[in-house]
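Report on the following structure.
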Amino acid sequence: MKYRPSTLPVPKVLFLSLGILAGSSILAQKKDTTDLMSMLEKETARKPVTNYTIATFKTTRLINAHSIEHVAGGVMDVKISHRFGTLNSGFYELFGLDNASIRIGADYGITDWLMIGLGRASYEKQYDGFMKVKLLRQSSGAKKMPVSISGFAGMYYNTLKWSEPDRENYETSRINYAFQLLIARKFSEGFSLQLSPTLVHKNLVPGADDPNDLLSVGIGARQKLTKRMSVNVEYYYQVPGYKLEGSVNPLSIGLDIETGGHVFQFIFTNSTGIAENQYITGTTGEWSNGDVHFGFNIARVFTLGKKKK
Amino acid sequence: MKNIILIALLLSGFQGLQAQDIFFTRTGKVEFKAGSSVEDIDGVNNEAASMIHTKTGEIAFTLLVKSFHFKRALMEEHFNENYMESTVYPKASFKGKITNLAAVNFAAAGQYNATAEGELTIHGVTKKVTVPGKITVQNGKFSGQSTFKILLSDYGIKVPSVVADKIAKEAEITVLCQYEPK
C-alpha cells in the first residue's frame with residue numbers, strides 16, 4: 001500500500017495526546033516510586049498518637065514502699081515479703097537468718113487505674129488493706145505529661161495483745177492510716193525517680209509528746225543494669241517535729257530480677273516492718289550499727305479477668 | 001480548539017485515574033504468634049497503615065509496635081520493654097513491590113496469589129524478605145492478606161535462656177488489610 005499523508009485532524013490529536021499521556025505517566029510514576037513510603041508516613045502523621053510511658057519500675061513495690069506501678073485490670077499479684085533478722089545479731093543467730101518478719105499479701109487490679117490489696121504482716125500481727133489510684137500518666141506525643149502521679153491510701157490494724165491490759169484500751173487504738181502521693185518520672189530507659197510525700201496517722205502513739213500525724217517524704221530511684229535486672233534505692237525523710245521519738249529514717253537498697261511472670265527482689269534494709277506505717281515511722285535500726293536486715297520480695301502475677309482489647 | 005479540548009479531556013481523565021492507583025488503609029490488622037505448647041503469646045495490632053500503588057505494584061507498610069495488644073498486660077509490657085524495645089524502635093515497616101503484578105487484575109473481582117518482595121524492618125534491623133500473599137478484589141476495592149514467619153534472632157531480638165522453652169524461635173505474622181481508594 002502506498003503511503004499518503006493524512007489530512008484528517010483526528011490521528012494528530014491522538015498522537016499528540018498519547019505523547020502527553022506517556023510523558024505525564026512517566027512523571028507520575030517517578031514521583032510515586034520514590035515517595036509511597038513518605039506519602040504513607042505523612043498520612044499517618046496526620047493523626048498524632050499519645051505515647052504513654054510504661055514500666056517506670058519493675059513492680060508495684062520499689063523495695064518496701066509502693067511505686068507508681070499498678071497491676072493491670074483483672075490481674076492479681078501475689079506478694080511474699082520476707083525480712084530476716086539483723087546482720088549484727090552475730091553467728092549465734094546466723095547473722096539474722098534465724099529470725100523472720102513476713103508479709104503475705106495479694107494485690108488486684110479492679111481496672112487499669114484502680115488497684116486494691118490486702119495483706120498480713122507477722123510484725124505487730126498486723127492486717128492491712130490499701131487502695132491505689134492512677135491520677136496522671138507520663139506521656140509524650142499528642143498529649144504531653146512530664147510525670148506519673150498516683151494516690152495511695154492504706155489502713156492498718158494490729159492485733160497484738162495489749163501491752164498495758166490494765167488501762168482502758170480502745171479498739172480504735174489498733175488502727176493506723178497512711179496517705180501518699182506518688183510522683184514519678186522515667187527519665188530514660190534505665191533511670192526512674194519517685195518522690196512520695198506521705199502522711200501516717202496513728203490513733204495511738206507510744207509517747208505522750210509524740211504527734212499522731214507523722215509527715216515524711218520518700219525518695220526512690222531505680223537504675224537498670226540489664227533489661228531484666230535493676231538496682232533500687234529508697235529513703236524516707238521524716239520531718240522533724242512530725243516523727244516519733246527514737247524513730248530512724250528508713251534506707252533500703254535492692255536488686256530486682258525479673259523472669260517472665262515473677263519478680264524477685266533482694267534487699268538490704270534497716271526496717272523490720274514491711275507495711276507503710278511500720279517502715280516509714282517505726283524503723284529503729286541504724287545502718288551504722290549494722291542493724292540491717294537481709295530480705296526478699298517475691299511477686300507472681302495471675303491474669304484472672306480478660307483484658308479488654 | 002477541538003484538539004485542545006480533547007487533550008484537556010484526556011489529561012483530566014488521566015489525572016483521575018492516577019489518584020485511583022493508590023489504595024490506602026489505616027486499620028490494617030497484624031497478628032503475631034510466638035508462643036509454644038507451654039504458653040500462648042499472641043499479639044494483635046489493628047492500627048497498621050499501608051499503601052499500595054496498583055500500577056507499579058509498590059507496597060508501603062508501617063505500624064507502631066506499642067499498638068500490639070496482648071491478653072496479658074504483663075506480656076504486653078515485656079514485649080515492649082524487653083523484646084521489641086519499642087521506646088528505642090517505635091516502628092516496624094515494610095517497603096517493597098509485588099513481583100508478579102501481571103497476575104493480579106485490580107480491575108476485575110477475584111482472588112489472586114501475589115508475591116511481595118522488599119525490605120522488612122523490625123527492631124531496627126532491616127532484612128530482605130519475600131512473602132506470599134493473596135489479593136482479593138471486590139467492588140472496586142481489595143484486601144491484601146499474607147502469612148509468613150520470621151526468625152527472632154534475624155532481627156536481633158534476644159530470648160533469655162530461662163524463658164527459651166516458652167517463646168518460639170520463629171514468630172508467625174499474619175497481615176490483613178482492607179484497602180480503600182485514597
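Derivation of every value follows stated rules applied to the coordinates shown; laboratory data play no part. Treat the numbers as computed from the prediction; the structure is a model and nothing was measured. Quick reminder, even Gly has a Cβ in these numbers, built from the backbone with ideal geometry, and neighbours come from all protein chains shown.
Which distance in nm do the two modelled labels at residue B:99 and residue B:147 give, with both placed 7 Å along the Cα-to-Cβ direction?
It is 2.1 nm.
State the Cα centre-to-centre distance between the stretch A:65-107 and the stretch B:124-182 in whole Å.
Here the answer is 44 Å between Cα centres.
Using only the alpha-carbon atoms, what does the stretch A:198-239 span along each of its principal axes? Please give whole angstrom values in decreasing order.
49, 16, 13 Å, listed from the longest principal axis down.
Starting from the Cα gyration tensor of chain A, multiply each eigenvalue by 5, take the square root, and state the resulting semi-axes largest first in whole Å.
Values: eigenvalues 838, 79, 59 Å².
Value: 65, 20, 17 Å, ordered largest first.
Using the Karplus curve 6.51 cos²θ - 1.76 cosθ + 1.60 with θ = phi - 60°, work out ³J(HN,Hα) for each residue of the stretch A:222-237 in order, rounded to whole Hz, and write x for Gly and Pro.
Coupling constants for the stretch A:222-237: 9, 10, 6, 9, 10, 4, 10, 9, 9, 9, 10, 10, 8, 9, 10, 9 Hz.
Grab the beta carbon distance between residue B:180 and residue A:160, set R0 = 45 Å, and tell me the FRET efficiency rounded to 0.05. Could the numbers behind the result be given before it?
Details: r = 70 Å, r/R0 = 1.55.
Efficiency at R0 = 45 Å is approximately 0.05.
Full extension from residue A:127 to residue A:257: what is 0.36 nm times the residue separation minus their Cα-Cα distance, to one decimal in nm? Before the final figure, lay out each step's value.
Values: separation 130, 0.36 × 130 = 46.80 nm, distance 2.77 nm.
Residue separation times 0.36 nm, minus the Cα-Cα distance, leaves 44.0 nm.
Comparing A:148, A:173, A:139, which has the greatest mean-square fluctuation in the GNM of chain A with Cα pairs linked when under 10 Å apart?
A:173
What is the distance, in nm, between label points placed 7 Å from the Cα along the Cα-to-Cβ direction at residue A:171 and at residue A:94?
4.2 nm
What does the extension gain come out to for residue A:113 and residue A:239, with contour length at 0.36 nm per residue minus their alpha carbon separation? Display every interim value, and only then the final one.
Values: separation 126, 0.36 × 126 = 45.36 nm, distance 3.03 nm.
Result for the pair: 42.3 nm of gain on full extension.
Computed over the Cα atoms of the stretch B:22-181, what is the ratio Rg over Rh, Rh following Kirkwood?
On the way: Rg = 16.2 Å, Rh = 16.3 Å.
Answer for the stretch B:22-181: 0.99.
May I ask you to sort A:66, B:123 by Cβ crowding, counting other Cβ atoms within 10 Å and putting the fewest first? Before the final figure, lay out the partial values.
Details: A:66 27, B:123 18.
Least crowded to most crowded, the residues run B:123, A:66.
Going down the table (B:33/B:66; A:42/B:95; B:66/B:182; B:91/B:134), which pairs top 18 Å between alpha carbons? Walk me through the numbers on the way to the answer.
Numbers: B:33/B:66 16 Å; A:42/B:95 15 Å; B:66/B:182 26 Å; B:91/B:134 24 Å.
Over 18 Å apart, Cα to Cα: B:66/B:182; B:91/B:134.
For the stretch B:115-182, what's the relative contact order in percent, using C-alpha pairs closer than 8 Å and at least 6 residues apart? Before the final figure, lay out each step's value.
Working: 101 pairs, mean separation 20.5, N = 68.
Across the stretch B:115-182, relative contact order equals 30 percent.
Using Cα centres only, tell me the gap between the stretch A:124-144 and the stretch A:182-196 in whole Å.
13 Å
Can you give me the C-alpha center-to-center distance between the stretch B:24-70 and the stretch A:250-309, rounded to a whole angstrom?
A separation of 39 Å, based on Cα centres.
Give me the angle, in degrees from 0 to 90, between the Cα long axis of helix A:9-45 and the longest principal axis of the Cα atoms of chain A, rounded to the nearest 10.
Computed tilt is about 10 degrees.
In deg cm²/dmol, rounded to 500, what helix-only [θ] at 222 nm does chain A give when every DSSP H run of at least 4 residues adds -39500 (n - 2.57) and the total is split over its residues? Kindly include the intermediate steps, with their values, before the conclusion.
Details: 2 runs with 43 residues, N = 309.
When only DSSP H runs of four or more count, the value is -5000 deg cm²/dmol.
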